[in-house]
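Below is one structure; the comments refer to it alone.
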Amino acid sequence: MSKFYCLLFTAAAALADASAVRAADPAPFDLAGPIIEVTVSRGGKTLPVSQVPNLAVNDRLWIKADLPATQSAHYIMVAAFLRGATNPPPANWFFLCETWSPRCAQDGLTLSVPPGAQQLLLFLAPETGGDYKTVVNAVRGRPGAFVRASQDLNQATLDRARLEAYMSAIRALDQSDRSGLKDAVPLLARSLAIKADEKCLDRLAEGQAPCLMQGQNSLILNDGHSTSIVEALTSGPASDLAMEASFTPQLSYGYYSPYIASILDIARILDSFHTAQYQYIPALASQQGDRLALTLNTPPSFNSPKSVLVIALPAVEQPQLPPLHAVDPREIYCARKTPLVVALYGAPLAFATSYAHDMTLSLTTKDGKVIDLAAQADAGLGGFVVDTSTLAGAALSDGTRGSLHGYWGFDRYDGPDIPLVSAAAQKWQLASADQGALIIGRDDTVQLRAGSSSCIAGITLNDSAGRELRADWTALGPDAVELKLAMQQAKPGTLTLLVSQYGAPQPQTIQLQAFSEAARLDGFTLHAGDSQGILRGTRLDEVASLAIRGIEFTPGRLSSSQGTDQLPMTAADTAATALLQQGDSVSARVALKDGRVLNLNAAVDAPRPRVILIGKSAQLSNRGGASNIQLAGQDQLPQDAKLTFSVRTQSPAAFGYDEKIEVAPLNRSSSATLGFDNGGITLVDAQVAVATLDPARAFGPSAFGPLQFRVITHDAAGDWQPLATLVRLPLLSDLQCPATRELACKLSGSNLFLVGAVSSNPQFDHAIQVPDGFPGVALPVPRPIDGQLYVKLRDDPSVVNTTTLIAQQLPLSADEVTRAAVRHAAASPEGDPAASTSGANAPPAATPRDGPASDPAGQPGLPPR
């Protein structure tokens, strides 16, 4: 986990108890402040501050306060570089600009980033005696506090940018197209990492937008990318302090959103600098070109103590390029579609800020020419919008790949590759199962398949007379569409589908055959011992029920193939079907929805193969290393284990060598067939067989969840039965806990995105929820209470598992020992010899049961760092 993730929760550490945390509500930043103009130059190139996510050594900055001509109060502007929590900046790292002077008002302030600098803060302070020296002494006297303020201001600015982008989009849609909210809100939430309440979309149109904008500060979710941008700020001692303050008992393990946490932390830090002369108030910057529009949550004061505005500029760090990913890696986009929306996610700041600029989608034509298409991030559409109008005359090959390029600040950015297809290079075909599946007189469905469904602009259906019939289509996946055809007025014969595609001059024609209505029952198949049979014929959509010897069967889902319908019929009384024996000749009465009754002769076929599971075991392998997780569920099967299970046949009486066992996930996206011929099944005797399954080889590394199995023969298949729950295991390598008991521990390992939650007790009180797709290698976790750490896996969150790791206790730092001694001395009565204890002999720090630590003056202080 990135170190700055911990900072998302540091606000609670300033409060005395959990109830105070829940009651805290930061004042909104809704007071308009002054405007600061900033540009940054590097390598002969100058960018406005809105396009600069990070500074670098030797960057040249131009800064000017854009104050109104009627400004009566004189402000000094002080720029201060910082170099860490424990290293005060030198005096020559402070730069003064008197905004009322002609030189400062016209030319502003020009400065370079010195080597070793890590942060840059701006101060706007009312003119007073010793004003510049007061600001300098405050920063140099407590650099760590201003480092923390810079961290939180930067994080709050990035989070607020996402919130403002979301709110602006909602307001625009509310005013222009309220019907578009239902489609746009999920895309906005995904692009900007915003927690949108989709229940709001069930309200009347007038109430949707106000509902979606409720609780603005808590809408912001943790964003790994903006966290990584600020991560360089949390190196060294500051990171340790943030880590220790992150998961105190008062925090209640993540009650607040990151934005609220940052704001509360800023208020706590700056309030500690309150003096008779100055008070420091935060200013959030909204980036607009080269202008920073400041907003305040505290009215500034021009009486003592006067208000000093604190503004954070981008950190001095290595660039953190946006980790953009395809929403669906399988999707193939139509290169001729205008505009083309490439669905990407993973970097909310790419959608909320101007850090990503001059973006293009580059592709190569058949003749080798490279074409750059302008691309622009659009959170409301859920991706980057590409202008493909310049491709009108270009010849593209099938299977073209485009690549996203541009700049992230001053740095070159190379994004993901995008698979593209040209409509001229692909042909649509009717799915083989739908050849001859159309029956006139009702709505019917067929499927079309090709390389990509993204190039379809529209589909129409014409009968043999050229009359247009209604045809509704939906995409089933990247390479298939389903058509619902209105066949009520169609006539038997040839129908023509016209598939219009982007970039294709003429629509593609596909011939279909429609069959006449024929109310016909072909037969009913029922196996002995089954409660469900299959009715075959035509126009079976009109069937209401079927009865055999007083046993009533109700219809299931209808399917059609080659002009024949197949309708599953299920018995309402399953016990009664046991009276039907193999070879029985029965007469079925089929009732239609219009009241007619048809008779049908049928026979009871031989039972389908049926087995029962009598045992199973899993043999672990060390292909991926030890996971250090003790699985608690009897049905849990590690993905890298080999499963051996035994079954006993019930029907037929003995196993036949043509029988196989099919194993598949619940969604049946893939399956493995075990047989005598491939070594998957071994007979113990005529009635018992043992099967062996290697899930990793059978289903691949991304398979997970419940597995089921059934027995199949050349002409029948048994019922699906539960087998095991396939789980992928992270590799947990280390658990370290600080000596101070109220501080969180750190859990290290790999593939931590497979962990759903971690807790110190099996009831999962105050559990740590692991973010979706978490890419880090360490997590802050609660301190184990009984020596055990409890884990819920993402693949099977219903089971509580334990870890086999033993916590390693880290020694107290010198600072922690001193803090413990101070607290012990303050708590001891006057004259108690223990009150003079100090240094290495100091008593341990207070545990959570002792209450919050206090400073010598008796005021609640920060938790131990």
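At 1.4 Å probe size, what's the solvent-accessible area of D573? Round to the nearest 10 Å².
Answer for D573: close to 80 Å² accessible.
Sort out for me the Cα centre separation of segment 729-774 from segment 56-107, rounded to whole Å.
That distance is 44 Å.
For T388, T673, give the ranking by accessible area with the largest first, probe 1.4 Å.
Per-residue accessible area, sorted high to low, gives T673, T388.
In terms of the ratio Rg/(2.2 N^0.38 Å) built on C-alpha atoms, what value belongs to segment 22-108?
For segment 22-108, the normalised Cα radius of gyration comes out at 1.36.
My understanding is that a pair violates if its Cα-Cα distance is over 24 Å; which of K199/K337; K427/K484; K337/K491; K133/K306 do that in this structure?
Long pairs (Cα-Cα over 24 Å): K199/K337; K337/K491.
If you take the Cα atoms of segment 647-753, find Rg, then find the Kirkwood Rh from the mean of 1/r over all pairs, what is Rg/Rh?
Rg divided by Rh gives 1.23.
Considering only C-alpha atoms, what is the centroid distance from segment 131-146 to segment 581-620, in Å?
Computed from Cα coordinates, the inter-centre distance equals 84 Å.
Ranked from the most accessible area to the least, with a 1.4 Å probe and all protein chains present, what is the order of E198, E468, E127, E482?
Heavy-atom accessible area, descending, gives E468, E198, E127, E482.
What net charge do the residues around N54 carry, taking every other residue with its C-beta under 9 Å from that of N54, with Lys and Arg at +1 and Asp and Glu at -1?
-2
Defining a contact as two alpha carbons under 8 Å apart and six or more residues distant in sequence, what relative contact order in percent does segment 145-210 show?
Working: 35 pairs, mean separation 18.9, N = 66.
Once divided by the residue count of segment 145-210, the mean separation gives 29 percent.
Amide H neighbours of S286 under 5 Å, counting only residues 5+ apart in sequence or on other chains, H built in-plane at 1.01 Å?
Result for S286 returns A293, L294, T295.
For K593, go through the lysines and keep the ones whose alpha-carbon is under 17 Å away, minus same-chain ones fewer than eight residues off.
none
Would you kindly find the accessible area of E552, with a 1.4 Å probe and non-protein molecules such as ligands, DNA and RNA excluded, rounding to the nearest 10 Å²?
Accessible surface of E552 is approximately 100 Å².
Over segment 430-509, calculate the relative contact order: mean separation of alpha carbon pairs under 8 Å at least 6 apart, over the residue count, as a percent.
33
Given the C-alpha centroids of segment 449-523 and segment 370-406, what is the distance between them in whole angstrom?
Comparing the Cα centres of segment 449-523 and segment 370-406, I get a distance of 30 Å.
The values are calculated or read from the model by the stated rules, or taken from the named source; none is laboratory data. For clarity, every value in this text was computed on a predicted model and none was experimentally measured. Cβ sites come from the backbone with ideal geometry, for glycine too, and all protein chains shown count toward neighbours. Ligands, DNA and RNA are excluded from the accessible area calculation, which covers all protein heavy atoms including side chains. Shrake-Rupley method; radii C 1.70, N 1.55, O 1.52, S 1.80 Å.
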